[in-house]
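Encoded as structure tokens, the structure appears first; notes follow it.
What follows draws every value from the coordinates through simple rules; no lab data is involved. None of the values given here were measured: they were computed from a predicted structure. Please note: Cβ atoms are built from the backbone with ideal geometry, for glycine as well, and neighbour counts cover all protein chains shown.
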Amino acid sequence: MELWELLADIVFLLLACLIGGGLASLVGQSPLVGYLLAGMLVGGPGSFDIVSAQHEIESVAELGVSLLLFSLGLEFSLQRLKELGSKPLLGGVLQVVLTLLAGSIVAWCFGMSISAGVAVGAMITLSSTAVVLRILMERGEIEMPHGRNSLGVLLTQDIAVVPLAVLMTVLGEGGTVGEVTYEVCKLALMAAGLAAVLYLLTKVAVLALGTLTLQRNRELTIIFAASMGLGAAWAAHSAGISPALGAFIAGMLLGSSAFATQIRADVSTLRVLLLTLFFGAAGMVADPLWIISHFHWVATVAIAVTLGKLLIVALIFVGLQQSLRVAAATGLSLAQVGEFAFVLGSVGRTSGVVTDGTYALIVSVTILSFFISALAVPNAPRFGDRVARLLGKHHRDSDNLSGASHRADVLVIGFGPTAQLATVPLMGSDFKVTVIDLNRNGVKTAIDYGFDGQYGDALLPDVLEHASVGEVKLAIVTLPHFRSALSAVELIRSMNPTATILVRSRYHIHRLALSIAGGTVEGDEDCVGDAMGKRVSEWYLEATKRSEI
């Protein structure tokens, strides 16, 4: 197939995903569902066969998965894990193990081999990070107890993607216990070697970027992020291990650096594009005619998996001494089959442990599961209340609290001399202050003040989201450029309607626009005028005294 033919197929698929995602959003569904349905209709078996380059698009779409894991790796700082607490992470480990075990046993009872049963268990173990977190963030429930539980379990599941993918590969190769152990150890050593090399490269690159002012070299972080994420995926593939593992390791190594916030924002657009192709390509695997003719099986398995995962997760968190209300809400939030079922299924099908029929069934169940979760996750708190009332367990008042302090109380955009003077009263206080700046000197000064300093462009929503802009009580914008300051105020106000926003205005003419945008304005000209007025008064008094003498 020629390049232009492949490009035409990609364009057709993206347009179909655009229409499908838009229609899904209109009816209250996740756009991911629309992407999957669009892929089912335009390509693959039982479709209109508009797109024929399925295998080529799948190869391109695999980069989307690598960038997704790269972005997830950026989230895995030690501080982030400490903030979640031990129960959500322990619950995630137990959920992966117990669901894998339960799914394997059920599949084996229905006549599958042990290896095929384990593969099916692995595919249904993971929930949908993309769907669940999107809904929880839109509803402002990410800091509620069931939201924090869900986040901890999803992070644990995302870590488990890589070892589960390795497990699928090993199951396909077969062999004795000794041979399997040897393969696992070899993969582990190769992964450790890759991690060591990436660690050294990351340190060198971060030191090099640290000598630059990113405000004047914005393209460097984009190039850096793309080369690290995609380069690590290529290196892992060349070493014979999962490309997703390489991308995840690279992201995790960068996650604790000062550049993590900006890198997340830089890769987000490319990640969204490639992930759209991934879900479209995954939809092309499903056969609409097969789903219709086997819908009784698809619906039965989807319902069984949903109820089974709900029960497992709820029992785990009840066992971890959380209230029945929170446990039930968490279980319903995580009861679906996630997008990584496509990834694991593709690995299993390539290695031969998953048959085409089994893969088609799991893909169909996953698509139906997305529809179920779009309705279930928003109603998770209400479901928890009903379960608690039904069983006579009244929820505690603490169930309604976030369970942890805000990630930031005060957000400062730009940390030049103005911001440094403005934040002196906050030094040593109990308020957590986050500073966002593209200038390395500003970030360094913020850290010296005892604040959380992050490199980033505050005019990007992703950067503000990772700085917890929706939770802050006070935002201070000291950008000297009027248009940049206005954009920052408008963006902050749209993401946090209740926060107090103090904004600097260099010229009096801009005060009205900044006030309308939602900011409380302090003008440079007023401050300069007041300061010069004081100087004039001092001079006048001195001159008067000299004249009297």
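Quick notes on this one:
- Mean residue ellipticity (222 nm) of the chain, computed from DSSP H runs ≥ 4 via -39,500 (n - 2.57), nearest 500: -23000 deg cm²/dmol
- Computed from Cα atoms alone, the Kirkwood hydrodynamic radius reported for the stretch 410-535 is 14.6 Å.
- Debye-sum result for the chain in log10 I(q)/I(0), which assumes one identical scatterer on each alpha carbon, at q = 0.12 Å⁻¹: -1.23
- Calculated FRET efficiency for the pair residue 204/residue 15, C-beta based, R₀ 51 Å, to 0.05: 0.75
- Kirkwood Rh (inverse of mean 1/r, distinct Cα pairs), the stretch 344-493, angstrom: 19.6
- Debye, to nearest 20: dipole size of the chain, +1 on Lys, Arg Cβ, -1 on Asp, Glu Cβ: 1260
- In nm, spacing of pseudo-spin labels at residue 8 and residue 535 (7 Å Cα→C-beta vector): 7.0
- Spin-label model distance (nm) - residue 385 vs residue 50, 7 Å beyond Cα toward Cβ: 4.3
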